[in-house]
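Encoded as C-alpha cells, the structure appears first; notes follow it.
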Amino acid sequence: MTALAPSRPQASGRGRLIVALLLGALVAVSLGVYGNVHDPTGRSLVTLFFTATINLKVWLATLAVGLAILQVLTAAKFYGRLGGGHGPPWLGRLHRASGSLAFLATIPVAYHCLWALGFQAAETRVLAHGLLGCAFFGAIAAKVLLVRSRGLPGWALPLAGGTVFTALVGVWLTSSLWYFTTVKFPGF
Amino acid sequence: MSRKTYNRIIGAVLALGAAIFVLLLAGFGSELLTRPPAT
C-alpha cells in the first residue's frame, strides 16, 4: 500500500488536468455555438466616456492585453525565469489581481461580440477573432480550475497561462490592432 | 489581509464575473447595458 501512495497525487493531478481541459473545451465550444445560433441584436453597448461601442471595446481589450503582459512578467518572475530570485512576496497577489481585472475587462467586449454581432466567418480575420475569443474563455476557465489543483505536472499551469495569453493576444491582434492600424488611433 | 482571504476575494470576483457574463448572454440586463442601433 505504501508503495502506491506516492503515485496517487499524480494520478489525481492527471485526472484534474483532464477534467479542466474538458471543461475548458466545453466553455469554448458552448460560446461558439451560442454565437452561431443566437440572433445578433445589432445593439450597441453603453459607451461610458468613449464615442462609440467599438472604441470602448478596442480599449478594454487593450487594457486586458496590458494586464496579461503583466501576468506573464509576474509569473516568469515567481517561476524564477526573469532575473535572479522569485520576486517579492506580494508578486503572487499582483498576479492574481491583474488576472482578475483582465478577465473582467474582457466580459463587456465578449458580451457585445456574442450578443450583438454573433459568430461570423465571412472574413478570415473575423473568423480567427471569433475562434480565438472562444478559445480564450475556454483556456481561462481551464486555467482557473487548474490553479487551485494539486499534484499537477509542473508544465500544466505555465502551459495553461501561456495558452490564455496567446489566445488573448490573438484576439487583440485581430480586433484592436486591426482597428488602430486600419481605422483610427487612438480613437477614443 | 491573509493570503486565504485574499484568494477567496479573487475567487469570488472571478465567479461573479463569470456569472454576470452568463446572465448577460441569457438576456438579463441587456436593456440596461445596450441601446438600439442608430437608424
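The values are calculated or read from the model by the stated rules, or taken from the named source; none is laboratory data. Keep in mind that this is a model prediction, so the values were computed, not measured. Every residue, glycine as well, gets a Cβ built from its backbone with ideal geometry; the counts of neighbours run over all protein chains shown.
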Residue check, A:Phe119 against (1) modelled with pLDDT of 95 or more; (2) crowded, with 19+ Cβ neighbours inside 10 Å; (3) aromatic (Phe, Trp, Tyr), all met but one. Which one? (1)
Odd one out for A:Gly66 among (1) more than 23 Å from B:Gly27 (Cα to Cα); (2) free of Cβ contacts under 8 Å to residues at least 40 places away in the same chain; (3) within 15 Å of the chain's Cα centre (by Cα); (4) crowded, with 17+ Cβ neighbours inside 10 Å: (4)
Hey, does segment A:30-41 have a residue that's under 21 Å from A:Phe188 (Cα atoms) and under 20 Å from the mean Cα position of the chain (by Cα)? no
Quick count over segment A:69-96, residues being surrounded by fewer than 19 Cβ atoms within 10 Å (Cβ to Cβ), over 14 Å from the mean Cα position of the chain (by Cα) and of a type in the set (A, V, I, L, M, F, W, C), is 7
